[in-house]
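A.B. asks: Can you keep this structure in mind? I'll have questions shortly.
What follows draws every value from the coordinates through simple rules; no lab data is involved. The shown structure was predicted, so the numbers you read here are calculated from the model rather than taken from an experiment. As a convention, Cβ positions derive from the backbone with ideal geometry for all residues, glycine included, and neighbour counts pool all protein chains shown.
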Amino acid sequence: MKAILILAGPYSSCAATKNIWQDICLKHNINFETHDLSESIGKKIAVKMSLKSFPALLINDKVVAVGHPSEQAAEKVIQAIVA
């Protein structure tokens, strides 16, 4: 399973969101990548997936979450996917 987090910039909320998803993916042994819209790969993924809201978490090429989640909400999203 592979998770990709697309961030909209170097904002403190994006860094916090990255930390939450990274920790939870590590806990569940999910491969985790982060890309920014300023990078060509981040922009390419955003266009391909028609993303309009950021941060956006994709797992196996499906958008599973957008925005800044609480740790509990992020854990629920991942548990629903790995269950």
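A.B. asks: Give, as a single signed number, the net charge of other residues whose beta carbon lies under 12 Å from the beta carbon of residue 32, with Lys and Arg counted +1 and Asp and Glu -1.
C.D. replies: +1
A.B. asks: May I pose another question? In nm, what is the difference between 0.36 nm times the number of residues separating residue 52 and residue 19 and their Cα-Cα distance?
C.D. replies: 9.7 nm
A.B. asks: Could you tally the net charge around residue 61, taking each other residue with its Cβ under 12 Å from the Cβ of residue 61, Lys/Arg +1 and Asp/Glu -1?
C.D. replies: With Lys, Arg at +1 and Asp, Glu at -1, the neighbours total +3.
A.B. asks: Moving to a separate point now. Cross-link list 18/43; 2/27; 2/52; 2/76; 43/76: which exceed 24 angstrom alpha carbon to alpha carbon?
C.D. replies: 43/76
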